[in-house]
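Colleague: The structure is given below, and queries will be raised subsequently.
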Amino acid sequence: MKSFKQIRESKIMPAGEHVYSKKVNKHTVMVHKDKKGFAVYIDGEKLDTYKSQKEAEKMGTSFAKEM
């Protein structure tokens, strides 16, 4: 039987163009470009949307380090 963590991680890629990906402390940080800006996803869950890619990468990695 699959665990909750396995089911949660088996999601497909979020919408938008994938522009950045990095693993920080066992957490996956992804940045996708969409209509509103750059969306940050940590382990497949949306964190926030930022205006620039650099800011999105910085905030995503800092949030993953704190987790």
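The values are calculated or read from the model by the stated rules, or taken from the named source; none is laboratory data. The shown structure was predicted, so the numbers you read here are calculated from the model rather than taken from an experiment. All Cβ positions, even for glycine, are placed from backbone atoms using ideal geometry, and neighbour counts span all protein chains on display.
Colleague: Quick test for you: out of A15, A39, A64, pick the one residue that is among the hydrophobic types (A, V, I, L, M, F, W, C) and at pLDDT below 90.
Modeller: A15
Colleague: Sticking with this structure for a sec: Condition check: part of a helix (DSSP H, G or I) and over 13 Å from the mean Cα position of the chain (by Cα). Does K35 satisfy that?
Modeller: no
Colleague: Give the residues of segment 56-67 that are loosely packed, with under 14 Cβ neighbours inside 10 Å and either part of a helix (DSSP H, G or I) or small (G, A, S) (or both), sorted by residue number.
Modeller: Within segment 56-67, K58, S62, K65, E66 meet the criteria.
Colleague: Let me ask something additional. Could you please find all residues in segment 33-67 being in contact with a helix residue (DSSP H, G or I) (Cβ under 9 Å, 6 or more places away or on another chain) and within 28 Å of F4 (Cβ to Cβ)?
Modeller: Correct list: A39, V40, Y41, I42, D43, G44, E45, L47, D48, T49.
Colleague: Which of the residues spanning segment 20-47 are loosely packed, with under 14 Cβ neighbours inside 10 Å, closer than 24 Å to E66 by Cα and of a type outside the set (S, T, N, Q)?
Modeller: Of everything in segment 20-47, those that are loosely packed, with under 14 Cβ neighbours inside 10 Å, closer than 24 Å to E66 by Cα and of a type outside the set (S, T, N, Q) turn out to be K22, K23, K26, E45, K46.
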